[in-house]
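Notes for the one structure printed next.
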Amino acid sequence: MITLIQQLKSSILENRKGKIGLFCPYSVEELIDAAGFQPVRLIPGRSELQLANGYLPSNFCSYLRHIVDSALRGELKDLSAIVFNHSCDGARRTFDVFDHYIGDIPAQFIDVPKAGDELSVSYFRKQLVLFRAFLEKLRGEAITDESLSRSIVRYNWNRELLRRLYRCSASQLQNLGASDLMLILDLNMSIPKDQANKVLEEVCVECELSDDTLSAVSAGGRKRVFISGNMFDSLPLFDFIEECGGLVVGDDFCFGGRYGQMETAEEGEPLTALAKGYLNRVPCGRMKNNTDRFEFLLDEIERTDARGIIYTSLKFCDHFLVDYPALKELLDGKGIPSLFLEGEYFSFAAGQVKTRVEAFLEML
Amino acid sequence: MGVQERIKQILTHKPSPKKIARAALLGLLQKSCTPAGRFHSRAHKKLSVLSFSHAWKFFGSSSRSVFTSLFSPIEIVYAHNLYPFMLEALSGVAAKFDLAKDFLSQMERQWYTTDFCSVHRIFISVAQHHLLPRPTFLLSTSNACDGNLKSFGEVGNFYSRPHLFINVPYFRDDESVQYLAQQLQSSSRQIEEITGKKLRQRDLERSMYYANRASKAFREINELRKNPKALMYGEEGLGLLLLWGLFMGSRQGAAAAESYRDELQRRVTSTDKGIPVKKRLLWLHLKPYYDNNILPMLEKELDAVVVAEEINLQPWPELNPDDPWKSLAQKMLSQAWVGNAQHRIQNIRKAIEEYRIDGVVHYSHWGCRQSNGAVRLIRDAVQEYGIPFLEIDGDLVDSRNYAEGQIRTRVEGFMEVMEGA
């Protein structure tokens, strides 16, 4: 596993493609890939904010403020462009700040509808036509339908591999723990999918061939928990859970477990296929059918034999925070205990979180 | 016991939709019998009477009640002969009667984050207290904020009624107009399925006719208020939101808007000294609805009068009955809070120039990220004119953190800067 992770890391270093930053999984990476760029998820450093609070209010998504801070400090200069989606009001205003104050990085705003009906798919397709034109201008060459179709195939395969990894992880945790999985997902976001797919396939094969099973892991008496959320700092949280005797058996983070939960038709007009695929994936809290995510969660909890769920969210995220009361009611009705944690991107109240996680695990 | 106290008693002692309808009827009778001189104007009395009458009908008749949001296309609702009711108005009423904190406390116990707009939290709570008539359906849009999808979704689930949600596009190009127009037409068809009644062309035309009359009146009101005289206080101007938010498309709404226009026209030509004005202000966003002294402090004590409110400075375009859905879509997209903040800033710049503004005040409502996220941009644009900008942080409906002393200090400092400029 360590060797395979190292392979992914070295692929990043070798990757000479121009990078296009994104922060939302509704950014259509296939288009970026087909244009010959590398889509990279923006993960700014988690130090104290220096400049962003002069541009955005303090009761505003800290992740977005960190992106602004990074940009103002010149840390995003190596990006060829940044893609903004109409993910939320915060993203809308962050784009406004970029548009007005940070002119040295080309930025494109894509309106993403909140539903996946026919009208919305048609509208989103038109948005993708504009995005394609933006990328073609940046690149200086056209994106053909053939190259886009090839990109769709690569990404579909990547997502299938990620789904297989998640299935493995739940039963092969000693080989592929939650922290390893998160690391792989992060690395997966930063390298060309052809290279990522080769490594991920090896990981899947290794795990699927292993004899060690679920029962061997659960015999240790560790409490199995599922994690749900958006941009929370997963790795320290997973470490806490494991220090307290828990075992993370799965997640549905935007760039985690939910990232792989979509498929794009490989036949037919590619932009329409992409529009349909993205709008009809397992949804984020921003979508009108956000409760479909609850059904996905319940299925995952059952699949991974989780004993409880830890629901995490960044502060000021209405999409995820306001979902919790309805989700909790559903979970309570099914006798599934849940713990609610919220925090900021840059700070993690470690002591408090650990106490609450300990108490929660004791309860399971 | 006065009528206000009686209304509050009804609202706080085992209320129900029927009892609230009775309270609204009491309010209606009281307003109707109060001389016009005790209001800001005859037009204000007309709007008050209309509002209570509407509330009485809404709470008393669930078969025709529709829950709407501030920028919902209520012209469609009136065209279907239904009563829209803007849920945000309920939060304002709760704040006015000092009931907001009780509703908010209940939401906190249910795990609703306190960072979520209090206006939305209150009306969810109002619904959960069974204080609303079961609606025929709900109609909300993605303008102005993400909260509308969540809060209306919650209320819709609570009542098991359909929630029609309209995705207002970010852009204003032809594709966006077409997308929105198609959604509006589709929503109207869904309403037909829900009510079992077809939309009649003459009802659609009627609604658009009255909406156009009201829009014309609002355009005229906005034009009149450019007058060197301050024709109305901003406290009253901000109340116009109720008129277009609840009555756009109705005969009474058109009449009320025209009544305001006529009143202001009369004030232009009147030889009365009128409102004393030392400084002319532009007010951005909304005002707090609980009892507070912010606007009285500015307007009555310091004679810094709000001569224009951003929320009313809309283009108010005409609807075209020959192309109703497209023209309604264009109207919705013309609202300055849609899309990029530059639309809002252009509107503000225009207002500063046309209304000869001496200072700009932004009320930053906690949890309103779509508005507060643009404050830096707005401040920089305002300061290009060499006029001061005051940001007041607070809540629209939750009075628990209202600190008059601190606000007074800031307001007085703002006034000094204006006077020194």
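All of the numbers you see were taken from the coordinates with simple rules; none came from a lab. Note that the coordinates shown come from a computational prediction; the quantities given were computed from them, not determined experimentally. A quick note on method: Cβ atoms are made from the backbone with ideal geometry, for glycine too, and the neighbour counts reach across all protein chains shown.
So if I take the alpha carbon set of chain A, get Rg, then get Rh from the Kirkwood formula, what is the Rg over Rh ratio?
That ratio is 0.95, to two decimals.
For segment A:1-99, run through the GluC sites (Glu not before Pro) and keep only the ones in DSSP coil with at most 12 other Cβ atoms within 10 Å of their Cβ.
Answer in residue order: A:48.
Report, in whole Å, the centroid distance computed from the Cα atoms of segment B:166-222 and segment B:23-67.
When both Cα centres are located, 26 Å separates them.
Let me know the volume per residue of the alpha-carbon convex hull for segment B:311-361, in Å³.
79
What are the trypsin sites (Lys or Arg not before Pro) within segment A:35-113 that DSSP puts in a loop, where the Cβ has at most 13 other Cβ atoms within 10 Å?
Filter output for segment A:35-113: A:77.
Once the mean 1/r over all distinct Cα pairs of the protein assembly as shown is inverted, what Kirkwood radius in angstroms do you read off?
28.1
Quick check on chain A: helices-only [θ] at 222 nm, where DSSP H runs of length 4 and up contribute -39,500 (n - 2.57) each and the sum goes over total residues. Nearest 500, please.
Computed ellipticity for chain A at 222 nm equals -16000 deg cm²/dmol.
Does anyone have the angle between helix A:2-14 and the longest principal axis of chain A? Alpha-carbon axes, 0 to 90°, nearest 10?
20
Taking Cα atoms, how many degrees apart are the long axis of helix A:178-188 and the longest axis of chain A, rounded to 10 and kept between 0 and 90?
Helix A:178-188 sits roughly 10 degrees off the main axis of chain A.
If the elastic network links every pair of Cα atoms under 10 Å, which of A:283, A:39, A:25 fluctuates the most in the Gaussian network model of chain A?
A:25
Which whole number in µm²/s is D for segment A:1-137 by Stokes-Einstein, with the Kirkwood Rh taken over Cα pairs at 37 °C and 0.692 mPa s?
203
For chain A, find the longest principal axis of its Cα atoms and tell me its angle to the long axis of helix A:324-333, 0 to 90°, nearest 10.
Computed tilt is about 40 degrees.
Using 10 Å bins from zero, what percent of all Cα-Cα pairs in segment B:261-356 falls into each bin?
Histogramming segment B:261-356 at 10 Å steps yields 13, 32, 34, 17, 4, 0 percent.
Going down the list B:226/B:278; A:9/A:193; A:17/A:193; B:216/B:279, which pairs span over 23 Å between their C-alpha atoms?
Too far apart for the 23 Å limit: B:216/B:279.
Given Cβ point charges of +1 (Lys, Arg) and -1 (Asp, Glu) and nothing else, what value in debye, to the nearest 20, does the dipole of segment A:18-143 about its Cα centre take?
Computed about the Cα centre, the dipole is about 100 debye.
Can you tell me which of A:209, A:187, A:148 moves the most in a GNM of chain A? Springs connect C-alpha atoms under 10 Å apart.
Top of the fluctuation ranking is A:209.
Under a 10 Å cutoff between Cα atoms, tell me which one of B:324, B:228, B:135 has the largest fluctuation in the Gaussian network model of chain B.
Among B:324, B:228, B:135, the largest mean-square fluctuation in the Gaussian network model of chain B belongs to B:228.
What do you get for trypsin sites (Lys or Arg not before Pro) in segment B:257-305 restricted to DSSP loop and a cutoff of at most 13 other Cβ within 10 Å of the site's Cβ?
B:273, B:278
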